[in-house]
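Bear in mind these aren't lab numbers, they're just calculated from the coordinates by the rules spelled out. Predicted, not measured: the structure shown is a model, and the values here were computed from it. For neighbour counting, all protein chains shown are included, and Cβ atoms are generated from backbone atoms with ideal geometry for every residue, glycine included.
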Amino acid sequence: MTTQTSRPEPKRLFIKTYGCQMNVYDSERMRDVLRPLGYQPVDTADNADLVVLNTCHIREKATEKVYSELGQIKKLKEAAGGKMTIAVAGCVAQAEGAEIMRRQPAVDLVLGPQAYHKLPEMVARASRAVGERLETEFETLEKFDALPKAREADGPTAFLSVQEGCDKFCTFCVVPYTRGAELSRPVDDITLEARSLAAQGVREVTLLGQNVNAWHGAAPKLEGGEEWGLGKLARHLARIGGFDRIRYTTSHPRDMDDDLIAAHAEVPQLMPFLHLPVQSGSDRILKAMNRGHTAEHYLDIMRKMRDARPDMALASDFIVGFPGESDQDFEDTMSLVREVGYAIAYSFKYSARPGTPAADMFGHVPEEVKDERLQRLQALLRDQQASFNASKIGETIPVLVTGKGRNPGQLHGRSPWMQAVHFDAPESLMGQIVDVKVAGATLNSLAGEYVAAVEVA
Ligand code: SAM
Ligand code: SF4
């Protein structure tokens with residue numbers, strides 16, 4: 001007798017991701033949980049069976065983009081005779097809930113960042129038009145437990161979520177309301193997922209968290225069971241082998257401890273790149289933002305990092321025009337930028353988010369003042385980025401090859417300092433770490449000549 005296994009019919013899944021790396025990771029996990037149901041990723045929403053918008057709520061513009069995209073997708077759904085399921089996931093889903101289905105009735109499902117493991121069940125219910133269409137509970141550990149531990153890797157780099165949520169409550173930020181309280185994943189779970197990624201050829205892993213350096217957990221019993229912080233976790237992942245490069249993002253100055261700084265001096269796999277947002281250089285504004293640190297505390301961390309790893313590339317986020325920000329406060333931010341010297345930075349105009357304390361503060365800064373400050377800050381940051389990139393000209397640097405370049409025969413990859421690097425070399429080098437001699441630099445990338453493949457110990 002022969003047994004027949006019935007495979008589900010292939011279905012087309014289109015996921016559009018907005019916002020941070022956390023969302024990029026969550027989209028990958030949504031693909032993972034939907035794969036057993038026969039969903040295969042496609043590059044366009046046309047003719048897709050399931051469209052997921054994984055949204056970002058951080059600034060007003062990001063939220064409005066979602067509604068305009070939904071208008072376009074509704075047209076595709078109509079053209080397909082209604083045979084398309086539309087799901088809104090992520091932080092807009094968490095914050096706006098059922099309001100989304102009211103504003104755009106073509107939406108079938110709304111699910112917050114802690115409900116992705118329930119997606120297959122929700123999709124099945126939607127196709128039968130029964131049951132709950134809204135899931136916005138905060139049950140982070142339940143999500144982590146329910147998601148498959150093994151992942152299908154897609155190339156030589158991967159994200160690995162180790163920490164979720166935030167309870168720092170910076171007065172401008174929606175994250176504590178959309179992502180819930182800070183929670184660390186247990187070491188054993190992280191180890192399982194890390195091993196699965198390494199076994200599939202991932203060479204560079206980026207540990208993710210809203211405040212990734214707030215991660216803490218009990219060490220495995222064999223290693224003593226004591227409480228670990230992120231520095232110990234990085235050492236552990238370096239020890240179990242498999243990864244040539246380890247990164248982590250995004251960190252908070254309040255959670256930066258000496259052990260993590262020391263790990264940068266000791267662990268060669270830990271890449272010399274630190275994204276540590278400061279937001280402002282003025283202590284008055286930092287206090288109003290409830291950041292819990294001063295400019296001097298932040299500068300002290302940056303100095304220690306550079307002592308531990310002199311080639312450390314530093315990155316930050318800035319907000320200009322926070323309520324009450326005076327000309328002098330802004331000048332303090334400019335001074336801090338000059339003092340640190342950034343390799344890259346992201347800067348934004350303050351955007352009032354309903355429900356956050358800053359939205360109700362006095363002294364909102366006029367839009368034209370915000371514009372002018374942002375332009376000045378970005379001009380300075382661009383200069384620093386260009387000179388950081390130019391400083392690599394003439395050096396031979398290790399590059400992880402991540403894909404084909406735009407021109408025939410060209411490859412691209414990533415430097416230890418997160419720069420994009422282009423060079424001509426055979427395609428067979430894909431996924432390897434190779435030496436490239438840097439010949440030129442622009443604001444956003446380096447160009448160089450392939451020297452040789454690197455033997456990694
Ligand atoms: N947890 C990280 C930290 O504390 O630095 C950052 C998380 S947040 C998702 C990313 C960035 O968005 C922030 O660093 C901040 O610069 C920016 N941001 C958050 N809320 C904002 C707002 N209301 N207006 C403008 N920018 C904002
Ligand atoms: Fe938002 Fe502040 Fe938490 Fe970062 S630390 S996610 S800016 S509340």
Listed residue (SER326, ALA439, TYR450) projecting farthest to the positive dipole end of the range 315-457, Cβ model: TYR450
Calculated from backbone phi, Karplus (6.51, -1.76, 1.60) coupling profile of the range 437-453 in Hz, x at Gly/Pro: 8, 6, 10, x, 9, 10, 4, 10, 7, 10, 10, x, 10, 5, 9, 5, 6
Karplus 3J(HN,Hα) series, Hz, for the range 305-321 with 6.51 cos²θ - 1.76 cosθ + 1.60 (x for Gly, Pro): 4, 5, 5, 5, 9, x, 8, 4, 8, 10, 9, 8, 10, 9, 10, 10, x
Residues whose modelled amide H sits under 5 Å from the amide H of HIS412, counting only those 5 or more places away in sequence or on another chain, are THR402, GLY403, LYS404, GLY405
Name the longest site-free stretch of the chain, where the excluded sites are trypsin sites (Lys or Arg not before Pro) in a DSSP loop with no more than 13 other beta-carbon atoms within 10 Å. 129-405
Residue-averaged 222 nm ellipticity for the chain, from DSSP H runs of 4+ at -39500 (n - 2.57), nearest 500: -10500 deg cm²/dmol
Net charge near TRP228, counting Lys/Arg +1 and Asp/Glu -1 over other residues with Cβ under 14 Å of its Cβ? -3
So how far, in whole Å, is the C-alpha centre of the range 366-423 from the one of the range 83-125? 36
Rounded to a whole number, what is D in µm²/s for the chain from Stokes-Einstein with the Kirkwood radius over alpha-carbon pairs (4 °C, 1.567 mPa s)? 55
Distance cut-off 32 Å, Cα to Cα: go down the list LYS304/LYS437; LYS16/LYS437; LYS232/LYS404; LYS11/LYS404 and report the pairs above it. LYS16/LYS437; LYS232/LYS404
At most 15 other C-beta atoms within 10 Å and a DSSP loop state: those are the exposed chymotrypsin sites (Phe, Trp or Tyr not before Pro) I care about. Give me the longest piece of the chain that has none. 170-361
Straight-line reach from LYS370: which lysines have a Cα under 22 Å away, not including same-chain ones fewer than 8 places off? LYS61, LYS65, LYS287, LYS349
Return the Cα extents of the range 12-84 along principal axes one, two and three, sorted largest first, each rounded to a whole Å. 33, 28, 15
Taking only C-alpha positions in the range 354-451, Rg and Dmax in angstrom work out to 19.6, 59
Sum up the charges of everything whose Cβ sits under 11 Å from the Cβ of ARG414, counting Lys and Arg as +1 and Asp and Glu as -1, but leave ARG414 out. +2
